[in-house]
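**Student:** Quick one: structure below, then a few questions.
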Amino acid sequence: MNRFRILVMNGPNLGHLGQRQPEIYGSTGMDALPGMLKRLMGEQAEALELEYFHSNSEGALIDRLELARQDGTAGVVLNAGAYTHTSLALADCLAWINLPCVEVHISNVLARAEQLRHRSLIGRHVIGVVAGFGMASYALGVQALVTHLQDTQQ
Ligand code: DQA
């Protein structure tokens, strides 16, 4: 298996998971994500270089994505939080950087009460979406991305 460098990115309000509306987002903190990915992905995780980035700021997320174009990153797993639904700037970035990206959400955004959450501005520029599986959404997103990379890079 190829050794892929994968960037796992989190946007606004995802830094305090566990404390933030646990009835929606669960009681696990984001600091548990690396260990959880290792556990859920088993041996597959050993063969990956997983890097983590979190910012509440739209510009910082775009800066990191631009950097990912040229730092050997093979693909991105992105939970853009509310910017998913609002950020044309993030969508514009994903449209040109030419890196495969999987959009992930902890909650099932399509089942949420607010209509605005049913729309994703970044959705046109990602290879697929995983939503509603709690923290396991990230592991599923990484697995889907790796499958895509293996299919397209061999
Ligand atoms: C979220 C869903 C978004 O609607 C929300 O703004 C978030 C988290 C999720 O992971 O379920 O901040 O992306």
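No lab work stands behind these numbers, since they all come straight from the coordinates. Fair warning: this is a prediction, and the values are worked out from it, not measured in the lab. Because the Cβ atoms are built from the backbone with ideal geometry, glycine has one as well, and the counts that use them run over all protein chains shown.
**Student:** Tell me, what is the percent relative contact order of the range 4-153, built from C-alpha pairs under 8 Å that lie six or more residues apart?
**Tutor:** Relative contact order comes out at 27 percent.
**Student:** Here is a follow-up. Quick check: net charge around S55, other residues with Cβ under 14 Å of its Cβ, Lys/Arg +1 and Asp/Glu -1?
**Tutor:** -3
**Student:** Give the Debye-formula value of log10 I(q)/I(0) at each listed q (0.21 Å⁻¹), with one equal scatterer per alpha carbon of the range 4-153, two decimals each.
**Tutor:** Results for the range 4-153 at q = 0.21 Å⁻¹ read -1.49.
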